[in-house]
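For reference, the structure is listed below as structure tokens.
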Amino acid sequence: MRYSPTLLLAATAAGLAFLLAELVFGPQNAVFAPIAAVVATGLSAGQRRVRALEISTGVLLGIVAAELLARWFGVGAWQLTVAVLAATTAAVAFRASGLLSNQAAVAAVVVMVLVPVLETGPWVRLGDAVIGGAVAVVLTSVIPHHPRHRVTAVAARHLDRFASVLIALRDDLASGSLSGAERRLEEMDTLAAARQELLDAASATRERLPAGPGRARAERRRALRASGRLGDRVVLLVTSGRALCRAGANLVRHGDPVDPAVVDALDHLVSAVEELRRWTTGSGDAELVRRLALGSAVSASATYAAPSSPAVSVAVGQIRSAVIDLLRITGMSQPEAVAALEAAAGRATRPPKGPGVTDHADARAGGGYESVTYVGSMSPTSDITRRAEEMTNESGGFPAQEQRPPGLSSEMTPVPDHGEHTYRGSDKLRGMKALITGGDSGIGRAAAIAYAREGADVAISYLPEEESDAQDTRGWIEDAGRRAVLLPCDLRDETQCRQMVRDAAQQLGGLDILVNNAGYQHARGEGLETMDSENMDRVFKTNLYATIWASQEALDHLGPGSSIITTTSIQAYQPAPPLLDYAATKSALNNLTVNLASELGSRGIRVNAVAPGPIWTPLQPATQPGEKLEQFGSDTPLGRAGQPAECAGAFVFLASPSDAGYVSGTVLGVTGGKPVF
């Protein structure tokens with residue numbers, strides 16, 4: 001049974017607590033010890049020692065509060081109310097934890113109810129409860145638990161579910177069932193809980209490193225690190241699966257017969273996931289997982305041999321991304337996984353030259369969709385551009401869709417290209433430390449990935465509801481071998497905004513680059529008459545106020561050679577009526593950039609801006625009418641919208657002391673040909 005160990009632990013704790021309390025206070029007084037022990041152990045599954053301490057403290061606070069109220073005022077309804085209020089207030093003051101305050105309240109209620117029927121004194125009851133809490137803490141600390149067990153069990157359960165959804169998606173594609181394919185996306189969404197479960201499991205195993213010989217501890221720590229890698233990659237695999245389900249639904253929606261190679265690729269992918277599930281529990285073969293995964297990539301990439309629709313290209317790209325995740329889970333590094341994929345299935349948009357064979361000179365030259373070798377420079381423009389062109393429809397835009405603000409990358413069709421598989425670094429920012437606001441998705445994520453691959457440690461800020469996107473970005477930063485710092489906050493609050501900068505500098509160990517990228521727009525009105533104060537306030541505070549607050553706070557950390565880069569917009573030059581307030585803030589940011597460059601130049605701090613054109617980010621489906629996205633970007637001279645990856649180079653250039661050491665006070669346009677002057 002999944003919870004058998006926890007149930008057995010709770011039962012053992014209750015019996016042992018009663019035995020000890022009986023020895024100290026007598027059997028008639030051993031009441032609170034087993035209660036405290038059961039509560040502390042039964043609710044502490046996961047981070048057991050930490051939570052057992054927390055729960056035991058809550059019980060003691062509740063008992064003390066109730067005992068004092070009962071002694072001074074007696075027992076009754078209002079006394080019970082005051083006792084619960086006092087207990088929870090003390091708990092919150094001690095530590096802001098729902099679990100702690102909850103147990104304090106429960107203990108207060110129990111004491112108030114039992115005081116009239118118990119003949120024991122208050123000190124006996126308190127000592128009784130202390131024994132129960134102590135037993136729980138000791139047992140949760142010493143009972144052995146292999147550090148891989150919980151993580152692998154959770155991962156295996158989610159992999160089972162993941163495989164079942166892929167099987168159903170394969171059948172939907174083969175039968176052309178749009179409703180079925182859309183249901184698979186909903187089913188894949190249920191796996192979102194995998195992230196938190198795996199994080200909890202990793203935290204639990206981290207505290208389960210018992211004392212022992214140094215060699216034993218080192219072995220357990222190696223196992224824990226392996227467990228952490230497994231959890232991180234399974235989360236990314238689930239993200240790839242969601243994107244694959246969305247791409248599959250688009251394939252069916254277009255009405256063309258689905259290429260059998262895509263169905264065959266899903267067959268291989270399912271087999272690889274099933275073998276991975278066995279491998280995580282110790283009965284599978286990592287090498288077989290790799291062979292099956294690469295077989296999936298070979299089948300999918302066969303579609304590159306003939307002309308195919310953008311929807312097919314997106315689906316194939318998601319299959320190849322899932323293959324990379326599978327290879328990484330089995331222990332391969334990112335460069336090794338990429339090399340294996342390209343050797344077996346060729347570079348993206350180019351099929352293998354034979355079974356399992358590719359041109360290794362081409363692979364070394366790079367530029368493939370999955371290639372993330374961090375040497376050289378940007379991938380050849382043709383590869384990045386080709387990817388962007390494939391993602392748009394015939395009009396240069398995207399399928400009609402809407403999200404609720406702030407929007408998530410993983411919910412977009414197609415999922416944007418942030419440079420995950422196309423950007424290459426060349427150490428232009430080696431050793432630097434960057435903070436990017438709004439770095440969870442869109443242009444911010446593209447800049448974060450590029451900065452990490454150029455050698456910088458990166459902190460990103462984001463709204464708490466964007467946590468899933470932020471975790472994905474963290475994974476890409478850490479894949480580049482750099483440190484990632486996540487800072488959830490609401491930049492509209494000045495206190496949070498300033499604290500975010502201080503936290504970034506503290507956790508990174510300094511600050512060299514500030515990218516004021518976070519932005520908000522509301523484009524679902526028709527102009528001046530439909531503007532409302534609530535949205536206007538959000539636009540100005542997010543776009544303008546937060547930029548000023550963050551820049552002010554960063555001055556305590558920025559020195560000569562550092563830079564501030566702000567994301568403005570083509571809207572500052574060509575404002576659209578529905579974006580009057582947004583355009584006003586972007587025009588103000590242009591002016592702010594020039595003024596700050598003049599003011600801070602004497603301190604050796606360069607200040608510049610990037611003005612993107614129509615870029616495919618979550619801001620678009622989250623703030624525009626869905627039907628407008630079908631033409632999004634079609635009015636540019638290049639005839640299409642851009643991808644976040646196409647902005648990354650501009651942010652790297654402006655941040656690089658070697659490339660842009662004499663560049664300050666400028667606005668660099670990435671607009672598809674629209675003028676920024």
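Values quoted throughout were computed directly from the atomic coordinates according to the rules given, and no laboratory measurement underlies them. Bear in mind the structure is a predicted one, so any value in this text is a computation, not a measurement. Here the Cβ is made from the backbone with ideal geometry for all residues, glycine too, and neighbour counts use every protein chain on show.
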Open item on the list: Using +1 at the C-beta of Lys and Arg and -1 at the C-beta of Asp and Glu, which of Ala611, Ala576, Leu555 has the Cα lying farthest in the positive direction of the dipole of region 534-668?
Closed with: Leu555
Task: Ordering of 72-81, 177-186, 454-463 by packing [mean C-beta count within 10 Å, highest first] - done: 454-463, 177-186, 72-81
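Can you quote the Å³ per residue value for the convex hull of the Cα atoms in region 618-677, rounded to an integer? Mind dumping the intermediate values first?
Details: hull volume 6.6 nm³, N = 60.
About 110 Å³ per residue, rounded to a whole number.
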- [ ] For a label point 7 Å from the Cα of Asp556 along Cα→C-beta, name the residues of region 468-498 whose backbone N is under 15 Å from it.
- [x] 494-498
- [ ] In vacuum, with every alpha carbon of region 427-670 counted as one equal point scatterer, what does the Debye formula give for log10 I(q)/I(0) at q = 0.08, 0.09, 0.16, 0.17 Å⁻¹? Two decimals, please.
- [x] -0.27, -0.34, -1.14, -1.29
Open item on the list: Once you place label points 7 Å from the Cα toward the Cβ at Glu630 and Phe677, how far apart are they in nm?
Closed with: 3.8 nm
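May I ask you to order 647-653, 400-406 by the average number of other C-beta atoms within 10 Å around their residues, highest value first?
Numbers: 647-653: 24.1, 400-406: 15.6.
In descending order of packing, they fall as 647-653, 400-406.
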Open item on the list: From the phi angles alone, apply the Karplus equation (6.51, -1.76, 1.60; θ = phi - 60°) to region 470-478 and give each ³J(HN,Hα) in whole Hz, x where the residue is Gly or Pro.
Closed with: 5, 5, 4, 4, 4, x, 5, 5, 5
